[in-house]
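*Asks:* The structure follows.
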Amino acid sequence: MQATAKEAKLPPVKKGKKNFSVFPFVNGLFFLLFCLFILVPLWKVLVDSLDLTTGYGMKLWPENFGLAGYQSVFSNPTLLRPLMISVVTTVAGTFLGLFLSTVGAYVLIQWDMPGRNFFAGIMLFTMIFQGGMIPTYLVMKSLHLTNTLWVVILMPAINVYNLVLMRNFFEGIPTSLFESATLDGCSPIQIFYKIVLPLSKAALASIGLMFAVSYWNDYTNYKLYITTDQSLYNFQMKLRSIIMGSDLPAANGGAAENTVTNAAVIVAILPFMILYPFLQKYFVKGMMIESYIEDGNQKISEGTYGKSITDACLGWEKSEKLVLELADLL
């Protein structure tokens with residue numbers, strides 16, 4: 001007679017000791033030290049910017065707390081004008097760069113456009129081979145763009161890499177949406193700003209942030225193309241002069257010169273330190289795009305009301321009539 005499950009005595013299971021893994025410990029220690037290497041200098045600059053009698057050395061807290069350094073940055077004309085130039089060029093350049101990238105990417109996903117592969121190849125060719133610094137400068141000079149803000153706005157706005165990223169994102173949008181919009185009477189321009197752009201918020205935020213960081217931290221273009229009028233320098237150029245000691249700002253409110261210098265550094269890095277956490281989700285967020293019918297007030301069938309995603313172009317009733325007419329023709 002076989003023993004039942006209760007009567008059967010199973011050998012005790014020996015719990016093995018948990019092996020200690022070296023890699024997670026070393027990995028965590030490495031990233032902890034890496035974070036300290038980044039945070040400690042930032043903390044020192046922040047403390048020095050709030051210390052009115054700051055000196056050279058490491059302190060955990062400001063000894064003489066005050067905001068006179070930041071008041072000097074925002075009230076001193078020699079610092080305020082470059083800051084405003086950085087803000088204006090960053091905002092204008094970001095919108096211009098996004099416009100060129102989105103329009104160019106939308107053109108390249110038109111599969112029936114003649115010469116589509118040729119134009120795409122020409123743009124990709126410029127990513128590998130460029131004209132060089134001197135020919136580019138001569139072209140800008142012949143166009144009378146040197147020593148103007150136009151050159152620092154237009155140069156970074158034409159970015160093939162961002163255009164390719166935007167094109168790849170647009171290609172992920174289902175073609176059924178384009179077909180549905182075409183049946184609903186949308187023109188290509190309507191499809192672009194009523195369907196493509198609303199579905200591309202993640203790409204617009206990500207690429208827009210890259211454009212903004214590029215414009216805000218721009219230094220090379222100002223150094224190369226603005227040589228005579230230093231009043232057109234941005235905040236990064238002014239900050240470089242301050243740190244090198246060739247153009248120290250005048251301090252007021254009892255703040256030392258080193259306090260104003262550290263406050264200018266914080267002002268330069270603070271905007272994107274605040275902005276980046278709110279846009280970080282767009283770098284890791286995936287999108288599930290599908291055609292859907294949501295609650296609405298247009299009659300689809302008996303007892304069913306709703307609206308289609310392309311309804312803004314034509315309307316459901318006209319779309320239904322158009323589909324029936326096409327079916328009769330077939």
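Readers should treat all values here as calculations from the given coordinates under stated rules, not as data from a laboratory. All figures in this text were calculated on a predicted structure; none of them were measured in a lab. Reconstructed Cβ throughout: ideal geometry from the backbone, glycine too, with neighbour counts over all protein chains shown.
*Asks:* Run the quick spin-label model on GLU179 and CYS35: label points 7 Å from Cα toward the beta carbon, then report their separation in nm to one decimal.
*Replies:* Simple spin-label model gives 5.0 nm for this pair.
*Asks:* Could you rank the peptides 91-97, 120-126 by their average count of other C-beta atoms within 10 Å per residue, with the highest value first? List each step's numbers first, then the result.
*Replies:* Values: 91-97: 18.4, 120-126: 12.7.
Top to bottom by mean Cβ count within 10 Å: 91-97, 120-126.
*Asks:* Still on this model: Among the listed pairs LYS141/LYS281; LYS44/LYS238; LYS141/LYS238, which have their C-alpha atoms separated by more than 30 angstrom in this model?
*Replies:* Values: LYS141/LYS281 41 Å; LYS44/LYS238 21 Å; LYS141/LYS238 24 Å.
Listed pairs above 30 Å: LYS141/LYS281.
*Asks:* Residues of region 153-177 with backbone nitrogen within less than 16 Å of a virtual label 7 Å along the Cα-to-Cβ line of THR136, please, listed as ranges.
*Replies:* Answer for this model: 153-163.
*Asks:* Using a Förster distance of 56 Å, how high is the FRET efficiency between PHE129 and LEU80, based on the Cβ-Cβ distance and rounded to 0.05?
*Replies:* Numbers: r = 41 Å, r/R0 = 0.74.
So, using R0 = 56 Å, E works out to roughly 0.85.
*Asks:* Show the residues, 5+ positions off or on another chain, whose built amide H is closer than 5 Å to the amide H of THR53.
*Replies:* Distant-sequence amide H within range of THR53: ASN64.
*Asks:* Which log10 I(q)/I(0) values does region 112-209 give at q = 0.12, 0.18, 0.24 Å⁻¹ under the Debye formula, counting every alpha carbon as one identical point scatterer?
*Replies:* -0.59, -1.02, -1.27
*Asks:* OK, next. Using mean Cβ contacts within 10 Å as the protection proxy, how do 43-52, 61-70 order, highest first?
*Replies:* Values: 43-52: 19.4, 61-70: 16.2.
So the order, starting with the most tightly packed, is 43-52, 61-70.
*Asks:* Between ILE189 and PHE95, how high is the FRET efficiency from 1/(1 + (r/R0)^6) when r is the Cβ-Cβ distance and R₀ = 25 Å? Nearest 0.05. Before the final figure, lay out each step's value.
*Replies:* Details: r = 18 Å, r/R0 = 0.73.
With R0 = 25 Å, the Cβ-Cβ based efficiency is 0.85.
*Asks:* Here is a further query. How far apart, in nm, are the 7 Å Cα→Cβ label points at GLN110 and VAL87?
*Replies:* Going by the 7 Å Cα→Cβ label model, 3.9 nm.
*Asks:* Less than 12 Å Cβ to Cβ from PHE178, Lys/Arg counted +1 and Asp/Glu -1: what total charge do the surrounding residues give?
*Replies:* Values: positive: LYS194; negative: ASP112, GLU171, GLU179, ASP184.
Computed value for this residue: -3.
*Asks:* Over all directions, how big on average is the projection of the convex hull of the alpha-carbon atoms in region 148-261, in square nanometres? Before the final figure, lay out each step's value.
*Replies:* Working: hull surface 42.6 nm².
So the Cα hull casts an average projection of 10.7 nm².
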